[in-house]
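Step one of this worksheet: look at the structure below.
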Amino acid sequence: MTEHHWHSDGVWLPRTSATAAALEAILDPFTSVERAELLAAPCAAVHARPDMWQMAPLERWAQRLSTDWFFAAAQQLQFHLQPVAELHTGRVYGYEALVRADWNGALVGAGPLLQAAAAHGQARAFDALARRGAIRQAAPLLNDGEILFINFAPGVVYNPDVCLQTTFQACREVGADFSQLLFEVTESEAFPDLHLLGRILERYRAEGAQVALDDLGAGHTSLTFLAQLRPDIVKLDRALIRDLHGADPRVPLILALIQYAHDLGIRVVAEGVETASELTLVRELGADYAQGYYLGRPAPAATGLRPECLTAWPRA
């Protein structure tokens, strides 16, 4: 490929989106497996030899070209808070900090941001940036006793003692109590090194924080993970909860997962609760907490639970 414009990650990129469109046209006939096998390397001039040290899938080059907004957007991060309800009392247990970026007047969600970060080889830097930003921006918004859920991808932490120092520094900057924080492991399906993951979780725990595993029941977080890592909390995947009803064949599975977690001393969050009947059912099945649009949508402030859902907990 011939490229002409120097980008901030040290790769030569074109001045327009025409090349990105051309690459997409080339890739269109190929399957996802074939796309990963099509390699390309940058070069600085028309007749220069490609830089073989920067060889990467052609699909990744297309992703880089189509996400040239990433570096500027990553400097405009903000965090929306979604409440997690305590099912026994109806109180707010805490909030999950969900990353967004304000770009050209629109909000870019976590999915596109993470995909762009990976395409530009910035997954590690972005994960650390988002972790620090969540603590600095969201922790001061919490009420006493409320927990802040912070997502992190363990695959980008190569040494807990080194990589997590910036997390601890962010806490000191805003006076956040580490016991208010809960670090939620995402993308566990891409992280087979359970020994290192265990070291990361224990490092957080040693500072007083809690840890959680996400997406139990989605095929990503396995029962083996629970038994070996013993997190404080596990989240049931939203696909298990969506449209759940009393005669649903998923009910025995959910009940068994909750019971298994409880037998290991692990508390359970039911994610994706969007109706009153789903809320009632997950509480009856023994989940400890619930999260979803019925309880509260992500918002820039810690706004509590939606008034409509509070009828589930009659007040004396």
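Couple of notes before you dig in:
- Full extension of the chain between N143 and R242 yields a length gain of 32.6 nm, computed as 0.36 nm times the residue separation minus the alpha carbon distance.
- Hz values of 3J(HN,Hα) by residue in segment 305-313 - Karplus curve (6.51, -1.76, 1.60), Gly and Pro given as x: 7, 5, x, 4, 8, 5, 5, 5, 10
- Restricting the trypsin sites (Lys or Arg not before Pro) of segment 88-151 to loop positions (DSSP other than H, G, I, E, B) with no more than 16 neighbouring Cβ atoms within 10 Å leaves R91.
- A simple count of charges around V234, restricted to other residues whose Cβ falls under 11 Å of its Cβ and scoring Lys, Arg +1 and Asp, Glu -1, yields -4.
- The local environment of A247, defined by Cβ-Cβ distances under 15 Å, has a net charge of -3 under the rule Lys, Arg +1 and Asp, Glu -1.
- Spin-label model, D102/A206: points 7 Å from Cα along the beta carbon direction are separated by 3.9 nm.
- Label zone of L223 (point 7 Å out along Cα→Cβ, amide N under 14 Å): in segment 251-274 this covers 252-264.
- The gain in end-to-end length when the A256 to A301 segment is fully stretched comes to 12.7 nm, 0.36 nm per residue minus the alpha carbon separation.
- Rounded to the nearest 20 debye, the dipole size of segment 263-316 about its Cα centre is 260 debye, using +1 on the Cβ of Lys and Arg and -1 on the Cβ of Asp and Glu.
- Positive minus negative residues near E96 (Lys, Arg vs Asp, Glu; Cβ under 12 Å): -2
- Using θ = phi - 60° and Karplus 6.51 cos²θ - 1.76 cosθ + 1.60, couplings along segment 79-85 (whole Hz; Gly, Pro as x): 10, 9, 10, 10, x, 10, 8
FYI, it's all coordinate maths here, none of it is from the lab. Small disclaimer: the values here were computed from a predicted structure and weren't measured. Quick reminder, even Gly has a Cβ in these numbers, built from the backbone with ideal geometry, and neighbours come from all protein chains shown.
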